[in-house]
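Since the structure comes first, as structure tokens, the remarks are kept for the end.
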Amino acid sequence: MSLKFNLRQLDEHEVHLVGELSVAELDLGVQDELIRLQSPLQYDLTVQDMDDSLLVTGSLRLALDCECGRCLKPFVYDLDLDDWALHLPMEGDDKVSVVNDCVDLTPYVREDMLLEFPQHPLCKPGCTGLKKKNPARPAEDDVSSKPDAWAELDKLKIK
């Protein structure tokens, strides 16, 4: 079921829409290997009639299962659009599509959610990535465990 409402309901009062939209219904088409969608989109929206247009306001929430682009650690990225607003004209070139007195908000929600996706998901802003070992230069803990040649030479007493 997509996110639809009937325009006739707006004749009496504003329409309040609360619920969830499954990943399949949202159909984001995400091809990013670092982002997976498993949780449904949660919405809490209010639709108001403004004579020749509609105003939709409210909040959208979607949890993204991500892998950090630097260290590959899994984490959850919460996409929260708390003050989401959408203006839909009822007349003119950009008028909203009405089918059987119903307006489908799903394409508009899909577009705005995709625009908010992280370009390069990071588990935390200061993530340094995977720890690399340089074969030419051993790590500090490896240096302390190996005997130091100069220290051995310093022990020699030459007359």
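The values are calculated or read from the model by the stated rules, or taken from the named source; none is laboratory data. This is a predicted model, so every value here is computed, not measured. Glycine gets a Cβ as well: all are built from the backbone with ideal geometry, and neighbour counts include every protein chain shown.
Structure above, values below:
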item: Matching entry among L26, L60, L64, L55 (being in contact with a helix residue (DSSP H, G or I) (Cβ under 7 Å, 6 or more places away or on another chain) and at pLDDT 90 or above); result: L60
item: Residue in the range 124-134 that is β-branched (V, I, T), surrounded by fewer than 13 Cβ atoms within 10 Å (Cβ to Cβ) and either part of a helix (DSSP H, G or I) or modelled with pLDDT under 90 (or both) present; result: yes
item: Qualifying positions in the range 74-107 - surrounded by 15 or more Cβ atoms within 10 Å (Cβ to Cβ) and outside any strand (DSSP E or B); result: M90, V96, L105, T106
item: Inter-residue pairs, beta-carbon under 9 Å, first under 13 Å from L60 (Cα atoms) and in the range 107-121, second surrounded by fewer than 13 Cβ atoms within 10 Å (Cβ to Cβ) and of a type in the set (G, A, S), 6+ apart; result: R110/G29; L114/G29
item: Qualifying positions in the range 12-25 - among the charged types (D, E, K, R), part of a helix (DSSP H, G or I) and in contact with a strand residue (DSSP E or B) (Cβ under 8 Å, 6 or more places away or on another chain); result: none
item: Residue match in the range 1-9 (condition: modelled with pLDDT under 85 and within 20 Å of W84 (Cα to Cα)); result: yes
item: Cross-chain or 6+ apart pairs with Cβ under 6 Å, the range 84-104 first and farther than 24 Å from E116 by Cα, then of a type outside the set (S, T, Y) and not in a strand (DSSP E or B); result: M90/D52; E91/D52; D101/L7; D101/R8
item: Whichever residue in the range 28-45 is surrounded by 14 or more Cβ atoms within 10 Å (Cβ to Cβ) and of a type outside the set (A, V, I, L, M) and, among such residues, is farthest from V76 (Cα to Cα); result: D44
